[in-house]
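Worksheet: one structure, shown below.
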Amino acid sequence: KYINDDDVSQECQNLIFSLLSEKDFTGKKPLQLPRILVLSQHTPTRDSDIILASLPKSGTTWLKALAFAVVHRNKYAPNLESHPLLSDNPHNLVRFLELDLYVKNQCPGLEELPSPRIFATHMPFQTLHESLRDSPCKVVYVCRDIKDVLVSRWHFRSKLVSNYSLEDIIDEYIKGVCFFGPFQEQVLSYWKESLVNSNPVLFMRYEEMIENPDAQVIRLADFLGCSFSEEEKQSGMVEKILELCSFGNLSNLETNKTGTSVCGVAPHAFFRKGGVGDWKNHLTDDMARKLDEMVKKKLEGSGLKF
Ligand code: A3P
């Protein structure tokens, strides 16, 4: 079933907005809440569904590309000249549940999509529909150091919003009033589920993907139930997928440089620098310490460390 704007009555939207006290950097109250409420009741589930979850700027685009290439490698060999990733942005191949399917309402019928369907979400685990939480469908979560997330997000937003300072965004992340935040609550929600055997959540880290991409993509394929065979490994399948999905390759494709906007955003905006530790070029020691201390305090006792 398509999810329509009508699913959240105007009355309900007014009530939600009146209850929210904080405004975001645009001076508006967040729009995501009504969508999240609708999605929590309509999350599509099929046992073979795959959900890629993340906070914005944590490596979502990369994870979408990798998961698509890994899952569909028998249909589309990574060195195929007509591989979909060469002509389409990863965000068009793996759609966001709450940003595309609900807002634009122009996806083909979910039921007609062939299995395995791959979706993405920025929503915290607890807001996903119960049927999804209890189903055997697979959830992959990618997280990244909050300081790199914040700097990446700041670059992304400051192109759209004037006078948006680093101090502004730090204040938002510390208060937890950030896009799909608070950071630590979102990360923790998936971390805790990944520790429970009955819930299939794979917890990945951007930094580990950068440091040891081969091992991480093998781990991803194992988790998704489509492990690489010895023959595939010998033939360089893992390396070909990594090359196809690499920052250098994707960011230089015409479709990602000048293609039409995705989720209302120019496709090149999803590719900035790529890598670990760019925060050092932007944040003062004091800013970094403040963020690290906040995260450390919130994650205390969870076993999760950054
Ligand atoms: P930087 O702004 O630090 O460069 P998301 O996809 O969640 O919005 O995250 C965007 C971040 O991932 C950006 O980080 C972007 O450059 C980086 N990124 C995008 N594609 C990538 C890829 N194929 N490999 C590594 N990093 C990638």
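Since every read-out is calculated from the coordinates, none of them should be taken as a lab result. In this text the structure is predicted, and so the values were computed from the model without any measurement. A quick note on method: Cβ atoms are made from the backbone with ideal geometry, for glycine too, and the neighbour counts reach across all protein chains shown.
Computed quantities for the displayed model
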{"read-out": "Karplus (6.51, -1.76, 1.60) ³J(HN,Hα), θ = phi - 60°, over region 151-167, in Hz, Gly and Pro reported as x", "value": "5, 5, 5, 5, 4, 4, 7, 5, 6, 9, 10, 7, 6, 9, 8, 4, 4"}
{"read-out": "P(r), alpha carbons of region 121-255 - 5 Å bins starting at zero, rounded %", "value": "2, 8, 14, 16, 16, 16, 14, 8, 3, 1, 0"}
{"read-out": "Per-pair calculated FRET efficiency, R0 = 41 Å: GLU81 and MET287 via Cβ, rounded to 0.05", "value": "0.35"}
{"read-out": "Kirkwood-Stokes translational diffusion coefficient of region 185-306, alpha-carbon pairs, 37 °C, 0.692 mPa s, µm²/s", "value": "186"}
{"read-out": "Efficiency of FRET from Cβ geometry, GLU211 and ILE174, R₀ 35 Å, rounded to 0.05", "value": "0.80"}
{"read-out": "Ranked packing of 264-271, 204-211, 148-155, most packed first, by mean Cβ within 10 Å", "value": "148-155, 204-211, 264-271"}
{"read-out": "Added length on full extension, which subtracts the Cα-Cα distance from 0.36 nm per residue, ASP47 to LYS298", "value": "87.0 nm"}
{"read-out": "In nm, spacing of pseudo-spin labels at GLN126 and GLN234 (7 Å Cα→C-beta vector)", "value": "5.1"}
{"read-out": "Residues whose placed amide H lies under 5 Å from that of ARG205, excluding near-sequence neighbours", "value": "CYS143"}
{"read-out": "Part-to-part distance (alpha-carbon centres) for region 220-264 and region 156-209, which is given in Å", "value": "24"}
{"read-out": "3J(HN,Hα) from dihedral phi, region 175-183, Karplus parametrisation 6.51/-1.76/1.60, rounded to Hz, x for glycine, proline", "value": "6, x, 9, 9, 3, 6, x, x, 3"}
{"read-out": "Cα-based Rg and Dmax for region 137-185, where Dmax is the largest Cα-Cα distance (Å)", "value": "12.2, 43"}
{"read-out": "Debye equation applied to the C-alpha atoms of region 235-306, log10 I(q)/I(0) at 0.18, 0.20, 0.26 Å⁻¹", "value": "-0.89, -0.90, -1.07"}
{"read-out": "Label-to-label distance, nm, for residues given as ARG272 and SER246 (7 Å Cα→Cβ offset)", "value": "2.3"}
{"read-out": "Estimated FRET transfer efficiency (SER198, ILE218; beta-carbon r; R0 30 Å; 0.05)", "value": "0.80"}
{"read-out": "Built amide H within the under 5 Å cut-off of LEU52, gap 5+", "value": "PHE119, ALA120, THR121, VAL140"}
